[in-house]
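Structure, as structure tokens:
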Amino acid sequence: MVKSPEPVSQRAWWIALIPMVIAYIADLWSKEAVLANMTEGQRIPVIEPILSWHFIRNPGAAFSIGTEYTWIFTIIQAAGLVLVLYLILFRARTLPWLITLGCLGAGIAGNLTDRLFREPGFGVGHVIDFIALPNFAIFNIADSFIVVSIIVIVILVMMGRTLDGKPETDTTTQNQSDDTPTSGDRD
């Protein structure tokens with residue numbers, strides 16, 4: 001088990017706010033730049049053949065799955081954002097978790113903003129996607145923050161890093177030691 005970093009103050013939620021605000025603004029700014037400078041369906045090579053900007057409006061999830069269920073994705077994203085904010089405010093006490101959850105919250109909030117306020121209407125808005133890689137889905141900065149945050153969360157969990165910074169307790173070892181007779185025990 002890896003030793004968890006020292007927990008930070010219970011009032012350290014603002015640590016998560018910094019990456020959350022920066023990532024959220026970057027996502028919104030990039031989408032506004034796409035809307036101002038590109039037409040829907042337009043493709044602009046950036047680094048051929050690796051990267052291009054390709055403006056689409058996505059009513060579905062990743063890979064445009066579930067395009068007829070946009071309102072369900074809106075509800076799921078809203079619930080996900082509430083969960084992330086709860087974890088930031090009441091559970092996370094270590095820098096890695098606070099920063100990661102801040103980035104995850106920014107990604108969710110960026111796409112949720114599109115779902116709530118973009119065409120065709122409230123709660124069913126289409127997400128602005130524009131980053132295109134070969135043989136892959138078209139995505140945006142919010143999607144990138146979500147994916148990277150989830151990868152980091154998996155790594156933190158695999159390393160035994162808890163949200164609160166307290167060491168994990170191995171209940172199997174503890175239960176075995178409770179059953180093991182000590183030198184003072186005699187039958």
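Each reported figure results from applying straightforward, stated rules to the coordinates on display, with no laboratory input. In this text the structure is predicted, and so the values were computed from the model without any measurement. Neighbour counts are summed over all protein chains in view; Cβ atoms, including those assigned to glycine, are modelled from backbone coordinates with ideal geometry.
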Once the Cα gyration tensor of the range 12-81 is diagonalised, what are the square roots of 5 times its eigenvalues, in whole Å and ordered largest first, as equivalent ellipsoid semi-axes?
26, 21, 11
With R₀ set to 45 angstrom, the calculated FRET efficiency between the beta-carbons of Ala36 and Val154, to the nearest 0.05, is 0.80
So what's Rg/Rh here for the range 13-167, counting alpha carbon atoms and using the Kirkwood radius for Rh?
1.00
At what distance in nm do the modelled label points of Glu119 and Val147 sit from each other, each positioned 7 Å from its Cα along Cα→Cβ?
2.7
Log10 I(q)/I(0) at q = 0.16, 0.19, 0.20 Å⁻¹ for the range 70-155, from Debye over equal alpha-carbon scatterers, is -0.66, -0.87, -0.93
List the relative contact order of the range 13-167 as a percent without decimals, with contacts defined as Cα pairs under 8 Å and 6+ residues apart.
30
Positive end of the charge dipole of the range 13-167 (Lys, Arg +1 and Asp, Glu -1 on Cβ, about the Cα centre): tell me which of Met158, Thr39, Leu85 has its Cα farthest that way.
Met158
Label-point separation (nm) for Leu51 and Asn135, each offset 7 Å from Cα along Cα-to-Cβ?
2.0
